[in-house]
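Below: one structure, written as structure tokens.
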Amino acid sequence: MVVKYRFRLYLFALAVLGGFALLSYRLWSLQIMRKEEFAKMIPGAKEERARIPGPRGEIKDRNGVTLAANKATFEVRVNLAEVVDEYKRLNNGNTPKRVFMKPDSNKITREVQETDIVKIFSEIIEPHLQRLGVERKYATEADREAESEGMRVHYRTFGAAVPWVYRDNLTFAEFSQIAEHNLGLPGVSVDERASRVYPKGALACHILGYVSLPDDQRSSAEDRKGWNYFVPDEYGVAGVEKSFDDHLRGKPGVRTMQKDRRGRMVGEKSYEPPHKGNDVYLTLDARMQVVAEKALRDAKVGRGAVVLIEVTSGEVFAMASVPSYDPNKFIPSISQADWDALTENKTNPLMNRAVRGFTPGSTFKIPISFAGCLAGIQMNAYNCSGAVTYGTNSMQCWIQRQSGGSHGTLRLSDAIMKSCNCFFYRYGNDAKISRITEIGRMLGVGEKTGVELDDESGGILPNPEWLRANSPNERWSDGYTANVSIGQGSVLATPLQMASVTATVANGGKSWKPHLLKRVMDGDKVVLENQPSIRADLSTKVKPVEIEVIRKGMWKVVNDPGGTGKSARIPGIEVAGKTGTAQNWRRDERNVKVDDNHTWFISFAPYENPRFACAVLVQNGKSGGGCAAPVARRVLEQCLAIDNNSFQIAVDSMPPAEGHFRHIPSVEYADVAVPVAPGTDDDGDTGVGAPVRESNDEPAPRKSARPNINRQSGSSGSGNASSSQNVPKAVPVSRTGIFSRGGASQPQPAPSGGGLFRRFFNR
């Protein structure tokens with residue numbers, strides 16, 4: 001009997017244990033395994049994802065010298081939802097309300113009541129930031145109201161998901177002031193973020209460009225898909241920053257937050273940190289860029305440009321433009337005063353003259369020389385009697401205007417050397433405008449080269465089709481062709497285009513596409529390698545012996561006693577080039593027309609084994625031989641020396657180059673012991689009719705290059721041009737804030753009791 005009951009007891013105990021085991025498993029399954037499933041079933045409970053932009057990649061030169069990087073800066077962030085919770089705790093759950101007009105789904109505007117976040121913030125947070133001297137400062141009451149509206153929009157949109165940036169440009173002293181007091185303000189933290197910096201100052205500023213603060217309006221519906229809170233990226237506004245924005249932009253992180261059934265943030269569920277964007281390596285050599293910019297500055301050129309390219313690849317080694325600007329002023333936002341100073345400056349420091357069209361003058365005789373080769377007239381001789389008549393217009397050669405003389409009978413090589421207008425009037429007309437147009441397309445003249453800069457101009461190569469489109473009542477004539485043949489009239493070419501033309505002559509006929517991109521890197525991994533490409537191979541249509549005639553003519557320009565470019569001579573190095581001086585005019589501050597001639601020099605060196613092609617533009621100079629040629633000499637001499645490791649130059653930060661409209665009679669460098677005397681001719685090369693106005697020297701930049709403007713006064717505080725741009729910074733939320741007591745940089749339940757917040761306020 002005892003055994004019988006004992007067996008039943010064992011069975012009962014086993015059943016109890018089995019029940020407990022089954023219950024435990026069930027509880028574990030419900031609470032652990034199916035936690036997320038049941039959490040989603042709770043009304044109002046859900047997860048929400050916030051996008052966290054990453055820092056931008058760096059921009060480097062071909063040798064790895066950093067031209068655009070990121071630095072650590074500090075900003076005051078506020079979790080507005082936590083501030084509201086604290087206000088409720090201090091005021092028995094009450095909050096001030098305000099009414100605003102909101103359109104419903106039917107686009108009918110209705111009154112909607114919301115928590116007055118601005119009033120709450122101004123009552124319990126702002127006074128203590130003012131006490132520390134880190135508050136925002138506003139120039140006008142309108143600026144203050146704009147920022148207040150930005151806070152309201154942010155609170156409606158993001159709630160506790162994304163902190164609102166109160167200050168984005170704390171100095172280290174301000175940061176230290178806050179850290180020293182270690183305030184326990186709920187929702188307030190000081191966090192570090194990556195901010196753009198250009199360590200070389202104004203060096204290569206027109207190439208690098210600048211960035212702007214995140215703009216929520218740029219994001220498409222596709223971009224926002226899958227995100228509950230979409231925080232946009234900083235974006236490139238101009239230059240390489242804009243052209244390679246897709247590569248430079250950081251890879252976003254993800255912050256997943258848990259909400260309770262009331263829709264309140266109860267914590268962070270997961271966090272995937274963002275990653276830096278790809279690094280962009282340019283073809284630029286920072287040392288040669290310094291040489292080019294210093295050559296213009298030391299020559300006291302107020303407006304001009306230099307382009308240096310490799311003749312066998314089209315890689316741009318240097319591209320300088322003066323005047324210039326400091327792109328650091330745009331970070332995080334440029335002040336209204338600085339923006340006005342740039343845009344109202346008549347010399348237009350924001351314009352990259354290296355890729356804008358200017359009247360090329362006699363440098364354009366080189367493309368015309370190629371056109372004559374296509375026509376088979378390159379060996380023809382033409383007589384210069386001092387002038388050629390087309391219709392009722394007598395078109396002079398510069399030598400007749402200067403001395404009443406003429407050049408006599410010339411062939412192509414000597415015509416290039418002497419820059420004879422009459423020769424090219426006849427030569428261009430015999431070549432025909434159709435061939436000039438054809439050779440222009442092959443050389444990349446009259447159209448964009450495709451260099452990776454969005455502000456590049458294609459220039460103008462006039463022809464009958466162009467005339468019909470722009471002046472329907474006029475008919476093309478030989479006089480038009482004659483003016484095109486000496487680079488006058490409506491002809492516009494960029495220094496980059498003319499450098500590319502020069503490289504084509506130097507290398508024997510291959511027209512390489514100019515480019516700035518070397519490669520794109522993701523750490524040590526090559527994402528994109530940019531291979532040089534040929535636009536056209538003129539050697540398939542022009543014989544090497546014919547190209548050599550053009551090369552020899554350019555050699556004579558510099559090295560023959562009768563040449564116009566003697567100022568470009570370099571001891572021990574044979575240089576070939578072509579001068580040009582084009583008549584232009586502008587209106588001065590009194591709205592009076594004044595001369596503003598453009599002087600040019602295009603060149604390559606060494607002659608026998610060409611390495612570089614160089615184009616120099618000097619505005620308001622007397623002559624190409626006297627003003628532009630010495631600059632080219634300086635650039636070629638020093639860059640060739642850098643290339644063979646016989647010359648060193650420091651790549652330091654450079655201040656902006658100042659612009660001016662002063663006339664430049666000639667260029668001499670103080671460190672040249674025995675300067676080469678320029679030619680006595682003015683290589684004016686002017687055509688028929690009045691000088692043309694340079695239309696590309698506009699006083700203001702393009703609208704698309706508008707940055708984020710800080711409309712607030714003083715060094716403390718920052719503002720935005722519009723409330724639509726007042727969005728959170730493109731940086732991750734710190735895992736731990738500086739304020740370990742009180743406010744945190746991530747959503748937390750509202751604090752209970754008095755805590756540090758109350759103790760601080762009761763001091």
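All of the numbers you see were taken from the coordinates with simple rules; none came from a lab. All figures in this text were calculated on a predicted structure; none of them were measured in a lab. In this analysis, Cβ positions are derived from the backbone assuming ideal geometry, glycine residues included, and neighbour counts consider all displayed protein chains.
Using the structure shown, list the pairs from Lys365/Lys566; Lys71/Lys225; Lys365/Lys432; Lys448/Lys556 with a Cα-Cα distance above 26 Å, or answer none.
Values: Lys365/Lys566 18 Å; Lys71/Lys225 31 Å; Lys365/Lys432 14 Å; Lys448/Lys556 30 Å.
From the list (Lys365/Lys566; Lys71/Lys225; Lys365/Lys432; Lys448/Lys556), the Cα-Cα distance tops 26 Å for Lys71/Lys225; Lys448/Lys556.
The order of His515, His128, going from fewest to most other C-beta atoms within 10 Å of their C-beta, is His128, His515.
Among the trypsin sites (Lys or Arg not before Pro) within the range 261-363, which fall in a DSSP loop and have no more than 10 other Cβ atoms within 10 Å of their own Cβ? Before the final figure, lay out the partial values.
Numbers: sites: Arg261, Arg262, Arg264, Lys269, Lys276, Arg287, Lys294, Arg297, Lys300, Arg303, Lys329, Lys346, Arg353, Arg356; in loops: Arg261, Arg262, Arg264, Lys276, Lys300, Arg303, Lys346, Arg356.
Qualifying residues, ordered by number: Arg262.
Counting 0.36 nm for each residue step from Val16 to Asp652 and taking away their Cα separation leaves a gain of 220.8 nm. Sequence-distant contacts, meaning Cα pairs under 8 Å at least 6 residues apart, place the relative contact order of the range 336-468 at 27 percent.
Per-residue Cβ neighbour counts within 10 Å put Met498, Met417 in the sequence Met417, Met498, beginning with the fewest. Listed by chain and number, the aspartates and glutamates whose C-alpha is less than 12 Å from the C-alpha of Lys294, apart from same-chain residues fewer than 8 away, are Asp652.
Students often check this: by mean Cβ neighbours within 10 Å, which of 437-446, 137-146, 606-615, 420-429 ranks highest, and how do the rest follow? Let's see the in-between values first.
On the way: 437-446: 22.8, 137-146: 14.6, 606-615: 21.2, 420-429: 26.5.
The most tightly packed comes first, giving 420-429, 437-446, 606-615, 137-146.
Order of 18-28, 79-89 by packing, highest average Cβ count within 10 Å first?
79-89, 18-28
Reported to the nearest whole Å, the Cα centre-to-centre distance from the range 391-430 to the range 530-594 is 17.
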